[in-house]
Amino acid sequence: MSWLSLMLGGKSDGGLKPQRLDYLNEALALERQGDFDAALTSYRLALRDHPNDPRILQNMAIAYSRTGRLEEAVRAYRRALDLDPLLSGAHYGLAFLQLKRGDSGSAAKHLQAFLDAPPSGSEAERWVRHARQTLDELQAAPLDGQPPSQQPDA
């Protein structure tokens, strides 16, 4: 092997370099299969490799929500928003977790943040419409303790 190859990252022993697993894609695949606990393990490993990636944290929050670990989901969403305050999906998810907790003020704040910088695309329109409807209900609702709808229309 030439000195130039060694300088560019080659190995003199001719062996293959071990490849790191793509934990994020593994986690996404596990989620698609419905194995959220295994997905969380892979997300943790992905986060170890990329500790400041807000999208990994956002995906972890979704998996935590789907396994009923709502407090952990809230923490993951908040940490994601600390890293990227404009991460619209984290605002959306956190808003509905706050509604489940009965904190309509915080939910409204996060719905408004989501609507201030919504995602684009045809699929996103469904979530934007749901966020707008929920925020309108929150703003119009009397303080009777009745939460607005929590799931988007199918």
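Observations, loosely collected:
- Restricted to segment 100-136, and to residues there that are closer than 15 Å to residue 87 by Cβ and in contact with a Gly (Cβ under 9 Å, 6 or more places away or on another chain), the residue that is surrounded by the fewest Cβ atoms within 10 Å (Cβ to Cβ) is 119.
- Odd one out for residue 40 among (1) among the aliphatic types (A, V, I, L, M); (2) crowded, with 16+ Cβ neighbours inside 10 Å; (3) over 18 Å from residue 24 (Cα atoms); (4) within 14 Å of the chain's Cα centre (by Cα): (3)
- When every residue of segment 66-78 is checked against the conditions, at least one turns out to be over 13 Å from the mean Cα position of the chain (by Cα) and surrounded by 16 or more Cβ atoms within 10 Å (Cβ to Cβ).
- Set side by side, the residues 9, 68, 93 differ, and just one is at positive phi and modelled with pLDDT of 95 or more, which is 68.
The values are calculated or read from the model by the stated rules, or taken from the named source; none is laboratory data. Treat the numbers as computed from the prediction; the structure is a model and nothing was measured. Every residue, glycine as well, gets a Cβ built from its backbone with ideal geometry; the counts of neighbours run over all protein chains shown.
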